[in-house]
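The values are calculated or read from the model by the stated rules, or taken from the named source; none is laboratory data. Predicted model, so just to flag it, every value in this text is computed and none were measured. Glycine gets a Cβ as well: all are built from the backbone with ideal geometry, and neighbour counts include every protein chain shown. Note: accessible area is taken over every heavy atom of the protein model, side chains too, but ligands, DNA and RNA are not part of it. Shrake-Rupley method; radii C 1.70, N 1.55, O 1.52, S 1.80 Å.
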Amino acid sequence: MKVQLVQASLDGDLHWLDQRWFLPLGLLSVATYARSHNESLDIEILDGMHFSTDEILARLGADIVGVNYTILSTDSLDRVVQRAKSFGAVTVVGGQAASKVPNAILTRNPNIDAVVVGDCEKPFLELTDRVSNNKPWDGIPNLYFRENGSVVPPPIFLREQLSEFPPLSF
């Protein structure tokens with residue numbers, strides 16, 4: 001199964017925020033955790049601090065596309081999930097901005113299938129397993145998703161300790 005994790009590019013002319021030395025640590029942690037538990041996952045990280053939105057769109061082509069965004073990258077988020085849905089990918093949004101408004105995200109953007117709130121490593125790994133085995137998504141901690149037009153909240157919320165995760169390997 002191919003997974004692409006995207007840090008959405010900043011929208012518009014924000015050259016004053018050009019901080020290419022930042023690494024998408026959240027996405028690196030999710031990728032490391034997933035790969036450490038399922039070596040068959042083909043994971044690619046597309047960092048919007050190093051690729052334009054157009055470059056990211058040209059590279060998309062995974063079974064699951066996960067996107068982290070900020071308030072300064074909502075246009076990029078919309079373009080990425082629209083492109084991913086055009087070829088049938090499962091689209092998942094997470095990160096600090098998404099964690100506060102999962103219902104609004106799922107209600108307002110039909111191109112987003114799920115939102116992970118809070119810690120993402122374990123829920124995302126579980127989602128990759130369920131998608132690859134064509135199983136329902138209910139019961140995955142921290143995961144909101146849309147089913148039959150309604151938003152389904154997670155049954156429980158996990159808060160993990162960083163010490164439980166493997167060192168970053170990407």
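Values computed for the structure shown
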quantity	calculated
Test: residue in segment 59-72 that is surrounded by 23 or more Cβ atoms within 10 Å (Cβ to Cβ), more than 19 Å from Pro123 (Cβ to Cβ), among the hydroxyl-bearing types (Ser, Thr, Tyr) and at pLDDT below 90	no
Thr32 surrounded by 18 or more Cβ atoms within 10 Å (Cβ to Cβ) and either of a type in the set (D, E, K, R) or in contact (Cβ under 8 Å) with a residue 60 or more places away in the chain (or both)	yes
Any pair with Cβ under 8 angstrom, 6 or more apart, that starts in segment 84-101 at a residue that is under 17 Å from Met1 (Cβ atoms) and ends at one that is among the aromatic types (Phe, Trp, Tyr) and open to solvent by less than 60 Å² (accessible area, probe 1.4 Å)	Val92/Phe124
Residues that are open to solvent by less than 30 Å² (accessible area, probe 1.4 Å) and either out of contact with any Phe, Trp or Tyr (no Cβ under 7 Å at 6 or more places or on another chain) or of a type outside the set (Gly, Ala, Ser) (or both), drawn from segment 77-97	Leu77, Val80, Val81, Ala84, Ala89, Val90, Thr91, Val92, Val93, Gly94
Identity of the residue in segment 118-147, crowded, with 22+ Cβ neighbours inside 10 Å and hydrophobic (A, V, I, L, M, F, W, C), that ends up farthest from Arg79 (Cα to Cα)	Ile140
Scope segment 35-73; condition out of contact with any helix residue (DSSP H, G or I) (no Cβ under 8 Å at 6 or more places or on another chain) and without any contact (Cβ under 8 Å) to a residue 60 or more places away in the chain; matching residues	Glu39, Ser40, Asp42, Met49, His50, Ser52, Asp54, Glu55, Ala58, Arg59, Gly61
Residues of segment 109-133 that turn out to be in a strand (DSSP E or B) and acidic (Asp, Glu), as a count	0
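Rundown of residues vs (1) among the charged types (D, E, K, R); (2) at pLDDT below 90, yes/no style:
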| position | (1), (2) |
| --- | --- |
| Arg20 | yes, yes |
| Pro24 | no, yes |
| Ile43 | no, no |
| His50 | no, yes |
| Glu55 | yes, no |
| Gly94 | no, no |
| Ile112 | no, no |
